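Enquirer: My questions will all concern the structure given below.
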Amino acid sequence: MKGRTKMTRLFKTLILLGTLCLSNASLSATQEDDNYRILFSSSNRLENEDLMNLYRFQNIQIAKVKFIGRGLWGKNFKLYVQEVVDGKPQKKQQIFDSKEDEFFKIKEQEFAFDVLAQRTMQNKVRFDFRFLGYGFTKEFSVKAEQQDFVLKSAQDGEEDLEVKVDREFNFLSFTMPYKSNHGSLRYSDFDPLSVRPDSMGKKFGIPRYFLIQIEFN
């Protein structure tokens with residue numbers, strides 16, 4: 001009996017050790033995955049108040065965009081703008097693909113740039129993407145009555161959003177207001193986690209808006 005009892009205790013100990021090893025391995029894998037997460041945040045504030053006032057006067061809106069995480073290292077990125085007109089998504093317009101030159105590949109754990117958006121007097125919507133040392137501009141024609149665009153971030157709150165690699169991420173929208181049931185003009189919340197960004201037009205009846213997207217690979 002004593003021998004059998006010892007074997008039983010040994011067997012239970014081995015099971016416990018095996019369970020602990022599996023738990024530690026699972027925890028380590030989770031921590032490793034967390035270390036390689038890519039997080040998105042943005043701000044629409046400038047430290048220079050005079051420059052901020054100039055932007056307001058020119059009807060220029062800005063988003064200071066930042067992605068952080070070890071998962072950025074060695075990645076390329078693509079930038080797109082997609083129109084949605086009367087609830088119908090249009091063909092995506094590629095703004096830039098960093099694979100065009102090895103120089104543009106991300107070599108840090110932080111990737112930041114500015115996006116400027118403007119509805120001009122010439123019935124254009126203009127986007128300007130400003131990186132360190134280079135930039136790109138894209139314009140779209142809009143109707144004269146299509147006014148009052150607002151630049152909104154997908155980061156609705158203080159918590160940073162996680163970005164998946166090899167998957168497009170809608171991080172900004174430049175959107176018109178919509179009419180509520182009471183006839184007042186309102187802007188929809190830009191929350192990609194609850195409403196598909198390309199479906200906001202149908203859900204809220206937004207005449208026209210633009211989605212700014214990035215994809216890391």
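The values are calculated or read from the model by the stated rules, or taken from the named source; none is laboratory data. Predicted, not measured: the structure shown is a model, and the values here were computed from it. All Cβ positions, glycine included, derive from the backbone under ideal geometry; neighbour counts span all protein chains shown. With ligands, DNA and RNA removed, areas are computed over all heavy atoms of the protein, side chains included. Shrake-Rupley method; radii C 1.70, N 1.55, O 1.52, S 1.80 Å.
Enquirer: Aspartates and glutamates near LYS78 by alpha-carbon distance under 13 Å, same-chain residues fewer than 8 away left out - which ones?
Expert: Straight-distance partners of LYS78: ASP97, GLU100, ASP101, ASP166, GLU168, GLU215.
Enquirer: How many percent of the accessible area of region 116-180 is carbon or sulfur, using a 1.4 Å probe?
Expert: Roughly 43 percent of what the probe reaches on region 116-180 is carbon or sulfur.
Enquirer: Loop only by DSSP, 12 or fewer other Cβ within 10 Å of the Cβ. Give me the chymotrypsin sites (Phe, Trp or Tyr not before Pro) in region 85-162 that pass, ordered by residue number.
Expert: For chymotrypsin sites (Phe, Trp or Tyr not before Pro) across region 85-162 that sit outside H, G, I, E and B with at most 12 neighbouring Cβ atoms in 10 Å, the list reads TYR134.
Enquirer: Let me ask you something else. Please compute the Cα-Cα pair-distance distribution of region 61-154 with 10 Å bins starting at 0, giving whole percents from short to long.
Expert: Taking every Cα pair in region 61-154, the percentages come to 13, 43, 31, 12, 1.
Enquirer: If you filter region 91-151 for GluC sites (Glu not before Pro), then keep DSSP loop positions with at most 10 other Cβ within 10 Å, what is left?
Expert: GLU108, GLU145
Enquirer: Taking each pair of distinct Cα atoms in region 78-217 once, what is the resulting Kirkwood hydrodynamic radius in Å?
Expert: Every distinct Cα pair counted, the radius reaches 16.1 Å.
Enquirer: Loop only per DSSP, at most 10 neighbouring Cβ atoms within 10 Å: give me the trypsin sites (Lys or Arg not before Pro) in region 115-155, ordered by residue number.
Expert: Within region 115-155, the qualifying trypsin sites (Lys or Arg not before Pro) (loop, at most 10 other Cβ atoms within 10 Å) are LYS143.
Enquirer: Hey, what does the equivalent ellipsoid look like for region 147-217, semi-axes from the Cα gyration tensor as sqrt of 5 times each eigenvalue, largest first, whole Å?
Expert: So the equivalent ellipsoid measures 24, 12, 11 Å along its semi-axes.
Enquirer: Out of all DSSP beta bridges with both ends in region 30-161, state the antiparallel percent to the nearest 5.
Expert: The antiparallel proportion sits near 100 percent.
Enquirer: Can you flag which of LYS92/LYS203; LYS66/LYS138; LYS107/LYS143; LYS105/LYS143; LYS99/LYS138 are past 31 Å Cα-Cα?
Expert: LYS107/LYS143; LYS105/LYS143
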